[in-house]
Amino acid sequence: MKILVTGHKGFIGSNIALYLQSQGHEVEGWEWAPGIIPSTEDYDWCIHTGAISSTTYTDVNQILEQNFEFTVRLAQVCENFGTNLQYASSASVYGPTTHFIEDKELLPQSPYAWSKYLFDRFLGQFQDEFEITIQGFRYFNVYGPGEEHKGDQASPYTKFIRQAKENGVVKLFENSDDYRRDFVCVEDLCKLHEKMFSVNTSGIFNAGTGTATSFDTVGRTIAKKYSADIEYIPMPDALKGQYQTYTCANLDKLNSVVDMSWTSIEDYINGTTN
């Protein structure tokens, strides 16, 4: 297949592009430029991963322009050329809810989460008017190779490994045993995107493992692997009020259309050479 990947220089986009190339697909990349929408003519699929992904970014107008308005226009271009669309949503749209079911209540807490919610809402309202297949994936906590450049926005997996290697100390927020997330490795996410090419179904699907693991467990597993110590620190003020204490993907909808085998983060840590 011929596939266009937006945000192909980013963490998830670059992994998807490289994986699909390794599977024999013809892949081209595209990066954001103000006022420009890529042509999707002659592509079988467009995978839209490009976005302002920082959950602490506060320029609401810019976030809405790049994350929501651009995605609406991209969907319209894909419709014009008959190009199917997959796009990155986010589990952050669930906010402090605890159900994590695609068609139930959403409580986004940050401008980033709201921008993802708005396009999910758009798809829910107008999905039947599109002749192409449009699939949204609510990524849970994605981790893996290629996110080192993200700094404070990198996953706990990457930050903890960097801390263990550089300082010999893994820093965890106080009460980290109470913070449990559904951690999904980017390699599994790449396989999901490809598997869904053969699913002629539009809609929004959770993309996680269906298992929640505490930050404390992740930090201690990494500390043990690298013979590092553990230090507990207060949560930064910038994260208070929007921090999800628990995420766990309900996979009933996804499992009804595709079979996936997910990697646990503990197995990933212990089975990967870094």
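The values are calculated or read from the model by the stated rules, or taken from the named source; none is laboratory data. Keep in mind that this is a model prediction, so the values were computed, not measured. Neighbour counts are summed over all protein chains in view; Cβ atoms, including those assigned to glycine, are modelled from backbone coordinates with ideal geometry. Note: accessible area is taken over every heavy atom of the protein model, side chains too, but ligands, DNA and RNA are not part of it. Shrake-Rupley method; radii C 1.70, N 1.55, O 1.52, S 1.80 Å.
Heavy-atom surface analysis with a 1.4 Å probe gives the chain a carbon and sulfur content of 45 percent of its accessible area. Distance between the C-alpha centres of the stretch 1-45 and the stretch 143-209: 21 Å, rounded to the whole angstrom.
With the convex hull drawn over the C-alpha atoms of the stretch 111-171, the volume per residue is 108 Å³. Suppose a student asked you for the relative contact order of the stretch 1-96, using Cα pairs under 8 Å spaced at least 6 residues apart; what percent would you report? 31 percent.
Viscosity 1.306 mPa s, temperature 10 °C: what is the translational diffusion coefficient of the stretch 155-200 from Stokes-Einstein with a Kirkwood Rh over Cα pairs, rounded to a whole number of µm²/s? Each step should come with its number before you reach the end.
Numbers: Rh = 13.2 Å.
Answer from the Stokes-Einstein relation: 120 µm²/s.
Using a probe of 1.4 angstrom and keeping all protein chains present, the accessible surface of the chain works out to 46 square angstrom per residue. From the largest down, the stretch 176-218 spans 40, 20, 10 angstrom on the principal axes of its Cα atoms. Modelled label positions at VAL169 and ASP259, each set 7 Å beyond Cα in the direction of Cβ, lie 4.9 nm from each other. Between the residues TYR139, TYR232, LEU85, the greatest Cα displacement towards the positive end of the dipole of the chain, with unit charges on the Cβ of Lys, Arg, Asp and Glu, is found for TYR232.
What the Cα atoms of the stretch 192-274 give is an Rg and a Dmax of 16.9, 49 Å. Under a Gaussian network description of the chain, with springs only between Cα atoms under 10 Å, the residue in THR98, THR49, THR58 that fluctuates furthest is THR58.
Semi-axes, largest first, in whole Å: what does sqrt of 5 times each Cα gyration tensor eigenvalue give for the stretch 130-274? Intermediate values should be presented prior to the final figure.
Working: eigenvalues 185, 55, 35 Å².
Each semi-axis is the square root of five times an eigenvalue, giving 30, 17, 13 Å.
Note on GLN153/ASP237: beta-carbon distance plugged into 1/(1 + (r/R0)^6) with R0 of 25 Å gives a FRET efficiency of 0.90. Rounded to two decimals, the Cα-based Rg/Rh of the chain, with Kirkwood Rh, is 0.96. In the chain, the DSSP beta bridges split such that about 5 percent are antiparallel, to the nearest 5. Note on ASN250 and GLU26: with the Förster distance fixed at 30 Å, the Cβ-Cβ geometry gives a FRET efficiency of about 0.30. Past 20 Å, Cα to Cα: identify those pairs from LYS2/LYS253; LYS104/LYS253; LYS150/LYS225; LYS191/LYS253; LYS171/LYS224; LYS171/LYS191, in the order given. Pairs exceeding the cut-off: LYS2/LYS253; LYS150/LYS225; LYS171/LYS191. Label positions at THR98 and ILE36, each projected 7 Å from the Cα along the C-beta direction, are separated by 4.8 nm.
What fraction of the Cα pairs in the stretch 1-104, stated in percent, has a spacing above 16 angstrom?
Values: 3252 of 5356 pairs.
Counting pairs separated by more than 16 Å, the tail of P(r) holds 61 percent.
Please figure out what share of the DSSP beta bridges in the stretch 157-252 is antiparallel and state it in percent, rounded to the nearest 5. Approximately 25 percent, going by the DSSP bridge assignments.
Computed with a 1.4 Å probe over protein heavy atoms only, the accessible area of ARG220 comes to about 120 Å².
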